[in-house]
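Chemist: Provided herewith is a single structure, encoded as structure tokens, for subsequent inquiry.
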Amino acid sequence: MWTPVALSRDVPPLVVLPVVAGGRELALWRSASGRIAAWADRCPHRGMRLSHGFVRGEALSCIYHGWSYGAAGNCLRIPAHPDLEPPETIRVAVHVAAEAGGLIWVAPSAPEAPPPDPGALQPLRSLTVEAGTAAVLSLAGLAGDTLARGHLAGVEVTVAVQPIGPARCALHVLTGAAGAAERIALSRELDALRRRAEAGEMAA
Amino acid sequence: MILYDYVLSPDCYKVRLLAALTGAKITLRAVDFHPGAEHRKPEFLKINPAGTIPVMEEDGLVLTDSSAILTYVAAKAGPEWLGDDDARMRARVAQWLAFAQRLSASIGKARTHDMLQKPADIDACRAGGIQCLREIEAALVEQDILGARFLAGDRPTLADIACFPHSMLAPDGGISVDAYPAIRLWTRRIRALPGFVEMPGIHRLHDLKPEPAKA
Ligand SMILES: N[C@@H](CCC(=O)N[C@@H](CS)C(=O)NCC(=O)O)C(=O)O
Ligand code: FES
């Protein structure tokens with residue numbers, strides 16, 4: 001099962017951030033060369049969140065004691081023991097990450113099918129809503145589950161929905177609208193939708 | 001210019017940051033904000049009866065508000081930071097300088113509550129802080145649509161300096177910053193500015209620091 005976790009545009013090279021997918025906390029990061037990765041957000045050394053760390057080149061380093069990890073989640077370097085070749089057993093739990101249609105998707109292990117492709121659309125923004133997925137989608141009048149489609153502020157939208165908890169989700173919004181005025185109106189409508197959903201308003 | 005300063009204060013840090021970015025010469029006077037509560041002592045209240053920091057003093061001029069201090073430092077040492085390119089930019093800078101007071105009153109208070117055990121209505125402070133972060137996020141989304149990478153235009157101004165510290169330090173007050181992608185990218189741009197200086201909890205981009213030499 002693929003979960004959308006971010007717009008590709010919002011995770012440029014050298015960025016690492018925490019995301020939640022399928023109830024798991026992950027560190028999502030992009031290397032200098034553009035490779036996207038999603039790992040368990042827990043350093044094998046002392047459990048520090050790797051999303052607090054930093055990317056250098058093709059490796060992710062932990063902020064705490066600086067252990068760094070390569071593409072396969074293998075430990076590359078332990079700064080306190082610079083001459084030590086880190087044992088193979090020190091490994092971060094790696095999830096599968098893939099990009100399609102301007103979205104970043106993750107899955108716990110390689111699914112049968114590639115992630116859903118929303119088609120040629122432009123990314124608008126992601127926003128987190130303190131309300132459950134189903135309530136938000138029905139309030140917005142959007143149809144579908146992982147990729148929901150419809151109209152907001154008179155503009156056609158595609159929303160990739162990331163459930164985060166029973167009463168929290170993130171919306172990753174794409175649109176074909178190219179004009180600045182339309183895009184701004186859509187962004188403001190999303191804020192309004194969030195206010196309504198968080199106030200407990202239900203679809204009629 | 002003398003700055004009455006406390007190292008952990010975001011409102012003092014923004015002045016140090018602007019001074020570093022503009023090359024302004026400021027003299028720091030450390031205030032024992034915690035645990036000494038020096039800002040509430042009679043001597044300090046003679047300088048700022050409101051009992052807040054930062055305070056700036058120069059040749060009889062006393063400024064007791066961080067937005068006013070930023071304006072003064074910029075006018076003297078880096079007028080481009082005032083954002084006077086056109087009417088819109090100028091008004092946007094004024095708006096964000098005023099907005100920064102809401103950040104102090106919400107995120108700032110949540111932070112002194114959690115870190116220094118100062119009394120506060122912590123739920124109200126956190127709710128106010130989240131509301132502020134959402135407003136900054138939405139504003140940055142709109143700026144991006146208009147082709148501008150900073151709060152008041154396509155270059156950094158006082159607007160960014162005024163709002164940057166609390167946006168970074170919100171987690172100290174129990175306010176998550178995970179859900180704001182536009183804020184994340186904007187704070188990275190500020191942290192990469194030439195001349196950027198750090199404070200505890202706010203660091204230069206690690207990826208811009210050289211890799212420690214292999215032993
Ligand atoms: N309006 C002031 C607010 C500054 C402010 O709130 N400073 C805090 C420290 S960061 C303070 O002095 N608080 C007084 C107290 O907590 O006793 C400004 O922006 O300069
Ligand atoms: S906890 Fe990550 S390096 Fe020590």
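The values are calculated or read from the model by the stated rules, or taken from the named source; none is laboratory data. Values in this document were obtained by computation on a predicted structure and should not be read as measured data. With ideal geometry, Cβ positions are generated from the backbone for all residues, glycine too; neighbour counts draw on all protein chains shown. Note: areas computed on protein heavy atoms with side chains; ligands, DNA, RNA excluded. Shrake-Rupley method; radii C 1.70, N 1.55, O 1.52, S 1.80 Å.
Chemist: State whether one or more residues within the stretch B:130-139 are more than 14 Å from chain A (Cβ to nearest Cβ), among the basic types (Lys, Arg), buried (at least 16 other Cβ atoms within 10 Å of the Cβ) and within 23 Å of B:SER67 (Cα to Cα).
Modeler: Pass one, the stretch B:130-139, residues more than 14 Å from chain A (Cβ to nearest Cβ): none.
No, there is no match, as no residue in the stretch B:130-139 is more than 14 Å from chain A (Cβ to nearest Cβ), among the basic types (Lys, Arg), buried (at least 16 other Cβ atoms within 10 Å of the Cβ) and within 23 Å of B:SER67 (Cα to Cα).
Chemist: Looking for something within 14 Å of chain A (Cβ to nearest Cβ) and within 15 Å of ligand 1 (Cβ to nearest atom) - is there at least one such residue anywhere in the stretch B:103-125?
Modeler: Scanning the stretch B:103-125 turns up no residue that is within 14 Å of chain A (Cβ to nearest Cβ) and within 15 Å of ligand 1 (Cβ to nearest atom).
Chemist: Tell me which residues, restricted to the stretch A:31-49, are in contact (Cβ under 8 Å) with a residue 40 or more places away in the chain and within 13 Å of another protein chain (Cβ to nearest Cβ).
Modeler: A:SER31
Chemist: In the stretch A:175-194, which residue that is part of a loop (DSSP other than H, G, I, E, B) and more than 10 Å from chain B (Cβ to nearest Cβ) is most open to solvent (accessible area, probe 1.4 Å)?
Modeler: Let us first name the residues in the stretch A:175-194 that are part of a loop (DSSP other than H, G, I, E, B), namely A:176-179.
Narrowing further to those that are more than 10 Å from chain B (Cβ to nearest Cβ): A:176-178.
Working: A:GLY176: 54, A:ALA177: 12, A:ALA178: 87 Å².
Checked the stretch A:175-194; the qualifying residue most open to solvent (accessible area, probe 1.4 Å) is A:ALA178.
Chemist: Among the candidates B:TRP81, B:TRP96, which residue alone is under 18 Å from B:LEU146 (Cβ atoms) and aromatic (Phe, Trp, Tyr)? Working first, answer last.
Modeler: Details: B:TRP81 fails: under 18 Å from B:LEU146 (Cβ atoms).
None of the others qualify; the one that does is B:TRP96.
Chemist: A further question on this structure: Looking at the stretch B:45-61 only, could you name the residues that are at positive phi and open to solvent by 40 Å² or more (accessible area, probe 1.4 Å)?
Modeler: B:ASP59, B:GLY60, listed by residue number.
Chemist: Sort out for me the helices (runs of 4 or more DSSP H) sitting completely within the stretch B:1-103 that have 3 or more residues that are not assigned by TED's automatic domain parsing to the domain that holds B:HIS113. Walk me through it before giving the result.
Modeler: Details: elements: B:10-22, B:42-47, B:66-77, B:87-103.
Result: B:10-22, B:42-47, B:66-77.
Chemist: To continue, here is another question. Filter the stretch A:132-163 down to the residues that are part of a strand (DSSP E or B) and open to solvent by 50 Å² or more (accessible area, probe 1.4 Å) and list them by number.
Modeler: From the stretch A:132-163, those part of a strand (DSSP E or B) are A:143, A:147-152, A:155-163; that's our starting set.
Correct list: A:ALA143, A:ARG149, A:HIS151, A:GLU156, A:PRO163.
Chemist: Just for the stretch A:164-174: of the residues that are in a strand (DSSP E or B) and small (Gly, Ala, Ser), which one is surrounded by the fewest Cβ atoms within 10 Å (Cβ to Cβ)? Write out each step before concluding.
Modeler: Taking the stretch A:164-174 as the starting set, the residues that turn out to be in a strand (DSSP E or B) are A:164-165, A:168-174.
Then keep just the ones that are small (Gly, Ala, Ser); that gives A:165, A:170.
Values: A:GLY165: 11, A:ALA170: 25.
Filtering first and then ranking leaves A:GLY165.
Chemist: Among the residues of the stretch B:103-135, how many are without any contact (Cβ under 8 Å) to a residue 60 or more places away in the chain and under 19 Å from B:PHE150 (Cα atoms)?
Modeler: Residues that pass the stated criteria total 4.
Chemist: Name the pairs: first residue in the stretch A:57-74 and near ligand 2 (Cβ under 8 Å from one of its atoms) and open to solvent by 60 Å² or more (accessible area, probe 1.4 Å), second residue modelled with pLDDT under 95 and not in a loop (DSSP other than H, G, I, E, B), Cβ to Cβ under 9 Å, at least 6 apart or on different chains?
Modeler: Final answer for the pair search is A:ILE63/B:HIS206.
Chemist: Specify the residue that is farthest from the other protein chains (Cβ to nearest Cβ); the eligible residues are those in the stretch A:7-30 that are hydrophobic (A, V, I, L, M, F, W, C), part of a strand (DSSP E or B) and over 12 Å from B:ASP178 (Cβ atoms). Working first, answer last.
Modeler: Within the stretch A:7-30, the first condition is being hydrophobic (A, V, I, L, M, F, W, C), and the residues that meet it are A:7, A:11, A:14-17, A:19-21, A:26-29.
Remaining after also requiring part of a strand (DSSP E or B): A:7, A:16-17, A:19-21, A:26-29.
Restricting the remaining residues to those that are over 12 Å from B:ASP178 (Cβ atoms) gives A:7, A:21, A:29.
Details: A:LEU7: 7, A:ALA21: 13, A:TRP29: 11 Å.
Ranking the qualifying residues of the stretch A:7-30, first place goes to A:ALA21.
Chemist: Spot the failing condition for A:PRO79; the list is (1) touching a strand residue (DSSP E or B) at 6+ places or on another chain (Cβ under 6 Å); (2) within 12 Å of ligand 2 (Cβ to nearest atom); (3) within 14 Å of chain B (Cβ to nearest Cβ), and only one is missed.
Modeler: Single failed check for A:PRO79: (1).
Chemist: For the list (1) open to solvent by less than 10 Å² (accessible area, probe 1.4 Å); (2) closer than 30 Å to A:VAL173 by Cβ; (3) hydrophobic (A, V, I, L, M, F, W, C), I need the number of the one condition that A:PHE54 fails.
Modeler: (1)
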